[in-house]
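**Q** First, the structure itself, so that you have it in front of you.
Only the coordinates and a few stated rules stand behind these numbers; no lab work does. From a predicted model like this one, the values you see are computed outputs, not experimental measurements. Here the Cβ positions follow ideal geometry from the backbone for every residue, glycine too, while neighbour counts run over all protein chains shown.
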Amino acid sequence: MLMDAVEIIGLTKYYNGFKALDRVSFKVRYGEIFGLLGPNGAGKTTLLRILAGILEESEGTAKVDRYHPRSIEARQLTGYCPQESIVYDDHTALENLMFYASLYDIPGGEARRRAMRLLELVGLDDKANVKVGKFSGGMKKRLNLAASLINEPKIVILDEPTTGLDPAIRRELWDLIKGLKDEGRAILIATHYMEEAEYLCDRVAIMDSGRIVALDTPEELKRKIGDLSIVELKVSKWSEGLVEALKPYSEEGPVAEEDSIRLYTKNPDPILPKIIESVLASGSRVSSVSIVEPTLEDVFIKLTGRRLRE
Amino acid sequence: MKWRPILGIAVKDLKHTFRDKMTIFWTLVFPLMFITLSAVLWTPKEGGNPITLDTVIFSEEGFMEDIGPGLVKRVMEMVNVSGEPLFKIRVLNSSEDVVSAVRDGKADVGLVFPRGFAANMTRGFPATLKVYIAGGDVNKKQVIQGVVGGFLMAFNENISMFRINTAIRYYIGNVSEEEAEFIRKSMEGIAKPIQYVVEEVVPETLATREKIIGWYTIGMIGVQFMFSGMIGASTAIISEKEKGTLARFLSAPISPWEVLLGKTLAVIVSLIISAAACIVYGVLALNADIAFNPLNPAHMLSAFILFLGGIMMIGCGLIISIFAKTVRGASGIATVITWPLMFLTGLVIPEFLIPQSLRFLAKIFPLTKAIDAVRDAVVFGAGVQEILPSLSPVLAGAIVAYTIGVVGYKRLVKQEV
């Protein structure tokens with residue numbers, strides 16, 4: 001039987017008395033993309049840093065393959081890509097990868113071969129000798145990812161790898177990450193983009209305040225919305241007063257974003273006229289009303305009563 | 001202990017160091033500029049720097065040729081030191097003009113010859129003149145006073161001897177050669193009761209300009225060790241922490257100690273490069289008298305002591321890391337500490353120029369001892385026995401500073417985990 005890539009049981013982490021992780025348990029298999037979805041401060045980065053061997057757990061156990069994450073063996077097996085850019089602007093792309101190869105004691109010739117292969121993989125082979133200071137944000141993120149793969153890790157740990165990128169570049173990176181999964185690697189990815197989790201992940205753990213509040217495939221998680229229908233109103237302008245006025249019609253509290261408001265209700269038909277009346281009374285106009293499919297954000301709202309990006 | 005990661009970190013840091021224009025300035029350009037300025041401004045030329053005093057004179061009875069004021073003026077114009085005139089003389093129209101010129105800084109010295117000066121001189125009576133010396137700058141005043149006083153003393157002695165010889169020849173009349181010599185010596189004794197010969201005794205080791213430039217060159221290496229060692233080490237770890245790469249290092253299969261060794265190695269190599277640049281430039285461009293021979297035990301011992309001095313400064317930099325939260329903060333603290341030390345520890349400013357109350361810093365600062373050991377060995381040719389006493393204080397400084405620095409580094413890493 002193939003060993004789990006990651007197994008954590010009751011993992012808890014305290015920072016100066018503050019509980020950043022609270023009895024987190026799950027397993028990740030090889031050939032699986034496992035997502036950690038949650039708002040900032042949910043504990044995703046702390047969890048990934050423990051698995052990358054950077055942080056020490058306070059309680060519980062964590063295993064990478066069969067090793068403790070801080071063991072040399074585990075660190076040989078993992079590749080960690082933090083949120084921040086870890087590449088050096090005054091070094092070329094190739095020099096950056098050669099440097100990270102040296103941290104894994106990879107001999108020069110082999111390091112160069114791997115670096116060139118990875119640069120090709122992330123589409124930067126023609127920029128191998130260009131200083132990273134001249135790179136765009138997207139190119140740096142791709143090089144970040146390449147640096148985390150220099151040791152050919154069986155387990156890849158990605159902390160919000162696409163944050164700050166435009167949608168087209170984000171999709172390019174998603175395809176890269178899917179390719180890594182196809183090579184049989186286990187991928188752990190933290191994100192606060194629900195569409196990223198939905199597109200990439202085989203399973204998603206929804207985290208809030210250091211705890212896992214739900215863990216399943218994206219489809220199963222969305223089913224947790226149950227018999228609630230989601231009414232999405234496009235309005236000309238929204239205000240706090242309008243959101244307050246719509247509260248009685250939404251079981252999870254209305255969610256307003258830019259020009260739309262989402263309401264959660266078991267029976268939308270009888271309340272629709274009242275909703276429109278409330279919008280008009282607030283001085284706004286309704287551009288469209290639709291019943292939409294639930295997203296992971298809707299699941300998060302149902303589970304925590306809060307939005308992902310609050 | 002794996003050497004590839006250590007070398008990888010060191011090479012990465014060195015590339016970073018020598019690709020940054022500001023760092024190149026402080027590591028290479030600044031020391032070479034400083035050595036050049038030291039050689040040009042503060043190192044005397046062979047035979048000393050000739051002085052020429054701007055001199056203004058006025059005589060109430062004019063300047064008749066070779067009589068009274070005219071004689072003094074002509075002799076003054078004839079005095080040369082190393083081919084340069086000692087007095088550059090301008091004749092003014094009144095005593096007020098003389099005083100004004102000195103007061104306004106247009107002249108270094110002013111002489112006013114009153115009426116009757118020539119007559120008194122001719123008769124052999126005392127002749128009085130007024131001398132005005134530019135005050136304000138104590139050092140300059142002392143130099144002018146010394147030059148003018150020395151000139152007048154020599155002038156008086158020559159006049160005295162002239163009068164004595166004249167008296168013997170014309171007034172005393174027929175005496176034998178022996179009696180004349182006796183009388184001449186007795187009268188000379190009245191005019192010059194004590195005769196003295198002034199001879200400058202410069203320490204043999206500093207006797208040449210080349211050795212003085214060598215002294216400054218090695219001193220600048222000390223300054224570099226202090227600046228680059230402390231600033232480089234203080235920012236090395238914090239910069240990785242600030243960038244987020246320290247955590248990334250710790251996720252690789254290397255220990256924090258390998259990271260620290262790589263960082264330390266990078267600073268040491270950059271110090272060696274800077275020191276080599278100083279020596280090569282000092283020797284080739286400025287003719288500094290520095291003779292390093294790797295087969296000379298004293299030279300190798302001094303190099304080892306200097307290495308320990310570098311480790312001590314790196315330790316001090318790591319200590320700063322304990323208190324600083326950002327690269328700017330670390331660099332700021334290191335700069336605040338190093339600038340005063342540069343002037344007060346005798347590295348490039350000779351100890352005798354440091355105020356008495358602050359000289360203890362030069363006496364106790366281990367890096368000064370390390371630099372003095374190098375100077376003694378490679379500039380002044382000292383042997384092992386002479387520089388060996390410097391070893392223990394520098395070794396102690398290195399052990400204490402680096403140990404405390406390592407504790408600070410552990411604390412920094414602990415914050416990450």
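**Q** Work out the FRET efficiency for B:Q142 and B:I364 from their Cβ-Cβ distance, taking R0 = 35 Å, and round it to the nearest 0.05.
**A** For B:Q142 and B:I364, the calculated efficiency is 0.65.
**Q** Can you compute the equivalent ellipsoid semi-axes for chain A, i.e. the square root of 5 times each eigenvalue of the Cα gyration tensor, sorted largest first and rounded to whole Å?
**A** Largest first, chain A gives 41, 23, 16 Å.
**Q** State to the nearest 20 debye the size of the charge dipole of the protein assembly as shown about its Cα centre, where the only charges are +1 on K and R beta carbons and -1 on D and E beta carbons.
**A** That gives a dipole near 700 debye.
**Q** Each label point is 7 Å from the Cα along the Cα-to-Cβ direction; what then is the distance between the points at A:K134 and A:T217, in nm?
**A** Once both label points are built, they end up 4.7 nm from each other.
**Q** Percent of Cα-Cα pairs more than 38 Å apart in the protein assembly as shown, please.
**A** 61 percent
**Q** B:E84 to B:T208: extension gain in nm, 0.36 nm per residue of separation minus the Cα-Cα distance?
**A** Once the chain is fully extended between B:E84 and B:T208, it gains 42.5 nm.
**Q** Cβ under 11 Å from B:V327's Cβ, B:V327 left aside: what net charge do those residues give with Lys, Arg +1 and Asp, Glu -1?
**A** Charge balance in the 11 Å sphere: +2.
**Q** With r as the distance between the Cβ atoms of B:Q385 and B:E77 and R0 = 60 Å, compute the FRET efficiency 1/(1 + (r/R0)^6) and round to 0.05.
**A** That pair, B:E77 with B:Q385, gives E of 0.65.
**Q** Ignoring everything except DSSP H segments at least 4 long, calculate the 222 nm mean residue ellipticity for chain A; use -39,500 (n - 2.57) per segment, divide by total residues, nearest 500.
**A** It comes out at -10500 deg cm²/dmol, rounded to the nearest 500.
**Q** What does the extension gain come out to for B:T36 and B:E157, with contour length at 0.36 nm per residue minus their alpha carbon separation?
**A** 39.2 nm
**Q** Taking the alpha-carbon distance from B:K363 and a cut-off under 28 Å, which lysines remain once sequence neighbours fewer than 8 residues away in the same chain are dropped?
**A** Hits, sequence-local ones excluded: B:K211.
**Q** Mean-square fluctuation check for chain A, GNM, Cα pairs under 10 Å: which of A:L233, A:L103, A:L47 is largest?
**A** Between A:L233, A:L103, A:L47, it is A:L103 that shows the largest mean-square fluctuation.
**Q** Which one of A:G53, A:F135, A:A281 has its Cα pushed farthest toward the positive end of the charge dipole of chain A, where Lys and Arg give +1 and Asp and Glu give -1 at the Cβ?
**A** With unit charges placed on the Cβ atoms, the residue in question is A:G53.
**Q** Rounding to the nearest 10 and keeping the result within 0 to 90°, find how far the Cα-based axis of helix A:108-121 lies from the longest principal axis of chain A.
**A** Compared with the principal axis, the helix lies near 30 degrees.
**Q** Mind scanning A:K19/A:K302; B:K325/B:K369; A:K140/B:K2 and naming the pairs with a C-alpha gap bigger than 27 Å?
**A** Check vs 27 Å cut-off fails for B:K325/B:K369; A:K140/B:K2.
**Q** Assign unit charges at the C-beta atoms only (+1 for Lys and Arg, -1 for Asp and Glu), then state the dipole size of chain A relative to its Cα centre in Debye, rounded to the nearest 20.
**A** About 380 debye.
**Q** Moving on. Please rank A:E257, A:E198, fewest neighbouring Cβ atoms within 10 Å first, as an exposure proxy.
**A** So the residues, fewest neighbours to most, are A:E257, A:E198.
**Q** Hey, another quick one. Just to be sure I understand: with springs between alpha-carbon atoms less than 10 Å apart, which residue in A:F300, A:F135, A:F18 has the highest mean-square fluctuation in the Gaussian network model of chain A?
**A** Among A:F300, A:F135, A:F18, the largest mean-square fluctuation in the Gaussian network model of chain A belongs to A:F18.
**Q** Among the lysines, which have Cα under 23 Å from the Cα of A:K13 when same-chain residues fewer than 8 positions away are ignored?
**A** A:K27, A:K44, A:K63, B:K241, B:K410, B:K414
**Q** When the helices in chain B are scored as -39500 (n - 2.57) per DSSP H run of 4 or longer and the sum is shared across all residues, what 222 nm value do you end up with, to the nearest 500 deg cm²/dmol?
**A** Result for chain B, helices only: -20500 deg cm²/dmol.
**Q** Just to be sure I understand the curve: with the Debye formula and one point per C-alpha of chain B, what is log10 I(q)/I(0) at q = 0.10 Å⁻¹?
**A** The calculated log intensity ratios at q = 0.10 Å⁻¹ are -0.80.
**Q** Given the options A:K19, A:K274, A:K222, which has the most mean-square fluctuation in a GNM of chain A, springs set between C-alpha atoms less than 10 angstrom apart?
**A** Of A:K19, A:K274, A:K222, the most mobile in the Gaussian network model is A:K274.
**Q** Going by the alpha-carbon gyration tensor, a ≥ b ≥ c the square roots of its eigenvalues, is the stretch A:139-250 rounded (a/c under 1.5) or, if a/c is not under 1.5, prolate (a/b greater than b/c) versus oblate?
**A** prolate
**Q** Still on this model: Let me know the charge dipole size of chain B about its Cα centre in debye, to the nearest 20, where only the beta-carbon of Lys, Arg (+1) and Asp, Glu (-1) is charged.
**A** Around 2280 debye, computed over chain B.
**Q** All other residues with a Cβ under 13 Å from the Cβ of B:K140 taken together, and with Lys, Arg as +1 and Asp, Glu as -1, what is their net charge?
**A** Summing Lys and Arg as +1 and Asp and Glu as -1 gives -2.
**Q** Just to be sure I understand the model, the point goes 7 Å from the Cα along the line to the Cβ. What's the resulting A:S290 to A:E56 distance in nm?
**A** Using points 7 Å along Cα→Cβ, the separation is 5.3 nm.
**Q** Determine the shape class of the stretch B:263-332: with a ≥ b ≥ c the square roots of the Cα gyration tensor eigenvalues, call it rounded for a/c under 1.5, and otherwise prolate if a/b is greater than b/c, oblate otherwise.
**A** Prolate shape, in that a/c is at least 1.5 and a/b is the bigger ratio.
**Q** Now for a different question. If you take the charge dipole of the protein assembly as shown about its Cα centre, with +1 on Lys and Arg Cβ and -1 on Asp and Glu Cβ, which of B:S100, A:L228, B:P114 is farthest toward its positive end?
**A** So the residue we want is A:L228.
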